[in-house]
Amino acid sequence: MLGFLKKTQRSKFTAYGLILPAFAVVFILAAYSAYWLVKMSLVKWLFGEPWINSIWVGLDNYRWLLFDQNSSFWASVRITAVYVGIALFVELVLGLGIALLLNSKIFGRSIYTAFLIIPIVVMPSMVGMVFRLYFSYDGLINYFIETFFGAKFNWYGPELALPAVILVDIWEATPFFVLILLAGLQALPKEPFEAARVDGASNLQEFRWITLPMMAPLIVTVSILRLMDLLRSFDVIFVMFAGGPGDVTTTLPLYVYKMTLIARNVGRGSAASIMLIIIIVALTFLLIRLFERIKFEM
Amino acid sequence: MHTHLLRKRTSAVFLNLLAIIVVFAFLFPYLFMVMSAFKSRLETFAYPPVWFFKPVLDNFKSIFQDINIMFYMKNSTIIATASSLLTMLIAIPATYSFARFKFRFKDSLAYGFLFLQMMPGISIVFALFTIARLTNLYDTYIYLVICYLLWNIPYAIWMLRGFVEAIPVDLEESAMVDGCSRFQAFLLITLPLMGSGLIASTILIFIGAWNEFSLAFFLTSVNARTMPTTIAFFMTHSGIKWGPMFATAVIGTLPVVVFALLVRRYFISAMTFGAVKG
């Protein structure tokens with residue numbers, strides 16, 4: 001049927017044709033929702049009211065978010081930075097440590113890795129609920145702390161709510177680091193380690209000068225993937241504290257929710273949504289660029 | 001010499017012990033959740049926690065009778081199955097094209113998909129909500145399935161690409177020399193060879209849809225509610241009904257845990273978009 005076309009042209013048609021359904025579904029839906037998101041961010045609109053009642057305000061929602069004294073947007077950015085920074089750091093260090101442990105001569109490694117999949121795949125909303133009980137005053141966490149250290153904490157209070165959600169995230173995501181870094185460790189070539197043995201290198205030297213440099217690209221990749229997920233994580237925090245008490249667990253995704261549904265200010269909520277998207281995309285691209293440059297120099 | 005061997009042995013014992021403790025610590029919150037589902041009401045709250053008790057099925061009875069958990073299981077099953085199968089149907093041809101053809105804008109397109117995969121659900125859920133209201137699709141299976149495609153298709157393309165690229169193109173070419181069309185070659189040679197990777201990817205996408213919370217929570221109300229959103233039912237005026245909550249968590253997470261353990265060999269390469277081979 002397409003005989004009049006040259007072979008290369010024909011294969012080009014095939015190439016685009018095969019992508020077309022995916023492209024159509026994904027980009028049409030994305031474009032349509034982006035269109036609405038931008039439109040909603042330019043109006044004053046009370047959640048639940050018909051669209052007719054919306055009032056065009058231009059960029060005023062953005063101005064309010066970024067510059068108004070009453071806006072807690074920057075406070076939320078700070079909370080997000082603390083949440084993401086601490087969680088990512090602890091998960092990476094702990095994950096690498098456990099991966100190294102499981103990479104040593106250990107019995108039953110495959111059973112351990114199977115168990116470690118469980119925290120990653122259980123429903124986050126249920127995890128949030130379950131840990132809400134575990135973190136209650138007479139809950140499991142306080143029981144262990146009291147047993148070992150003789151004190152009990154109020155995890156629901158403003159000081160410890162953020163640490164509590166961070167701890168839950170550490171429980172959920174450290175195994176992600178462990179499994180991937182362990183796979184990476186096991187794929188490392190044996191020769192450099194044998195050579196180091198012969199030269200009398202200590203375990204620590206071996207780690208610092210062989211393992212770490214060879215694992216660096218993987219560590220960066222996993223951290224970027226995890227960073228993207230942390231920046232958008234919503235369900236566990238929502239279920240545990242819904243951004244409270246006060247604003248202490250209001251990371252940016254929670255800020256979007258509270259602004260849109262609690263304050264019912266769809267315009268400002270949508271503007272915050274767009275800011276969140278910009279932050280995620282910008283940060284990811286920046287990190288990938290940086291990463292590629294480092295790799296290039298190495 | 002003896003002391004050296006002894007030290008080596010103690011350190012091996014120590015490392016094994018440490019590994020058991022660490023892994024158990026990660027497993028424990030889930031185990032305790034499963035245990036709690038079988039406790040009676042008072043035992044759930046007991047301080048210090050009760051470790052040994054007579055298991056009862058009251059919580060399970062309650063969720064089957066009072067909140068009709070089977071309805072939400074059915075919804076979740078339909079939505080997760082439909083969205084994962086539809087994702088594969090659309091993503092497989094696209095992946096094949098990315099893996100086998102050279103064309104303009106290939107990289108831009110691939111990164112475009114990746115960019116959309118990164119999109120936070122919460123950022124566009126209220127736009128999707130507005131669209132759902134306008135199109136009367138709010139609280140329907142079909143709308144949730146379509147919305148999931150937005151994330152699932154890019155995810156599947158990035159995940160499957162490695163599996164297609166791992167199969168030598170020569171195999172297809174020799175089938176074509178033998179008279180197969182390109183489509184037949186793909187269907188008869190490449191697809192069967194992708195087999196397990198394909199199944200693993202489908203299961204992972206199923207798990208993602210099964211666990212998804214924010215879209216399901218804000219885009220449905222009664223008819224299309226899924227398992228993750230049932231948590232709202234346990235928050236009553238008289239406090240949270242923890243027992244039934246635990247029972248629901250057990251029922252809701254069990255299929256996923258079983259599935260995940262079945263495909264664990266492919267888990268890592270799928271989670272990292274093929275950056276690491278498990």
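Taken together, the values in this text are just the output of simple stated rules run on the coordinates, not laboratory data. Predicted model only: the values in this text are computed from it and were never measured. With ideal geometry, Cβ positions are generated from the backbone for all residues, glycine too; neighbour counts draw on all protein chains shown.
Things worth noting here:
- Sites A:Arg264 and B:Leu262, calculated FRET efficiency, Cβ-Cβ separation with R0 45 Å, nearest 0.05: 0.50
- Here each label is just a point 7 Å from Cα along the line to Cβ, and for B:Ser181 and B:Ala232 those points are 4.8 nm apart.
- Shape call, chain B: gyration tensor on alpha carbons, a/c limit 1.5: oblate
- For region A:84-193, the square roots of the Cα gyration tensor eigenvalues, ordered a ≥ b ≥ c, give a/c of at least 1.5 with a/b greater than b/c, which places it in the prolate category.
- Estimated at 0.36 nm per residue, the fully extended path between A:Ala75 and A:Glu292 surpasses their Cα-Cα distance by 74.9 nm.
- The modelled label-to-label distance for the pair B:Ser40/B:Lys61, using points 7 Å beyond Cα in the direction of Cβ, is 1.2 nm.
- Here the calculated FRET efficiency for B:Asn223 and A:Tyr32, from their Cβ-Cβ distance with R0 = 30 Å, stands at 0.85, rounded to the nearest 0.05.
- Modelled this way, with points 7 Å down the Cα-to-C-beta line, the labels at A:Trp56 and B:Asn16 are 7.5 nm from one another.
- Long-range HN-HN contacts of A:Lys44 with modeled amide H, under 5 Å: A:Ile55, A:Trp56, A:Val57
- Separation of region A:84-128 from region A:210-225 is 16 Å, based on Cα centroids.
- A:Leu225 sits among other residues whose Cβ lies under 15 Å from its own Cβ, and their net charge, with Lys and Arg +1 and Asp and Glu -1, is -2.
- Region A:253-294: relative contact order in percent, alpha carbon pairs under 8 Å with at least 6 residues between: 28
- Formal net charge of residues neighbouring B:Tyr141 (Cβ-Cβ distance under 12 Å; K, R +1; D, E -1): +1
- When chymotrypsin sites (Phe, Trp or Tyr not before Pro) are flagged only if DSSP places them in a loop and at most 14 other Cβ atoms lie within 10 Å, the longest unflagged stretch of chain A comes out as A:138-298.
- Segments A:179-190, B:150-161 sorted - mean Cβ within 10 Å per residue, highest first: B:150-161, A:179-190
- Neighbouring Cβ atoms from other chains, within 10 Å of the Cβ of residues in A:20-32, number 6 on average.
- Summing +1 for each Lys or Arg and -1 for each Asp or Glu among the other residues whose beta-carbon sits under 15 angstrom from that of A:Gly97 gives 0.
- Anisotropy class of chain A from Cα gyration tensor, a/c 1.5 cut: oblate
- Other protein chain Cβ atoms within 10 Å, averaged over every residue that makes up B:13-19: 4
- Placing unit charges on the Cβ atoms only, positive for Lys and Arg and negative for Asp and Glu, gives the protein assembly as shown a dipole magnitude near 660 debye about its Cα centre.
- Computed on the Cα atoms alone, the convex hull of region B:2-57 gives a volume of 100 cubic angstrom per residue.
- Ellipticity at 222 nm from helices only: DSSP H runs of n ≥ 4 in chain A, each -39500 (n - 2.57), divided by the residue count, give -23500 deg cm²/dmol.
- For the segment A:142-149, counting C-beta atoms of other chains within 10 Å of every residue's C-beta and taking the mean gives 1.
- Taking the centroid of alpha carbons for each part, region B:112-133 and region A:188-208 are 48 Å apart.
- Residue pairs, from the table A:Lys39/A:Lys258; A:Lys12/A:Lys39; A:Lys190/B:Lys8; B:Lys39/B:Lys74; A:Lys152/B:Lys241; A:Lys258/B:Lys241, whose Cα atoms sit over 30 Å apart: A:Lys12/A:Lys39
- Chain A - percent relative contact order, Cα under 8 Å, separation 6 or more: 28
- Each part reduced to its alpha carbon centroid, region B:4-35 and region B:66-97 end up 38 Å apart.
- Mean sequence separation of contacting Cα pairs (under 8 Å, at least six apart), scaled by the length of chain B, corresponds to a relative contact order of 28 percent.
- For A:Ala242 and A:Arg63, the difference between the fully extended length at 0.36 nm per residue and the C-alpha to C-alpha distance is 61.9 nm.
- Between B:Thr140 and A:Phe193, the FRET efficiency estimated from the beta carbon spacing at R0 = 60 angstrom works out to 0.55.
- The H on the amide N of A:Ala242, modeled in the peptide plane, is under 5 Å from the matching H of no residue at least 5 residues off or on a different chain.
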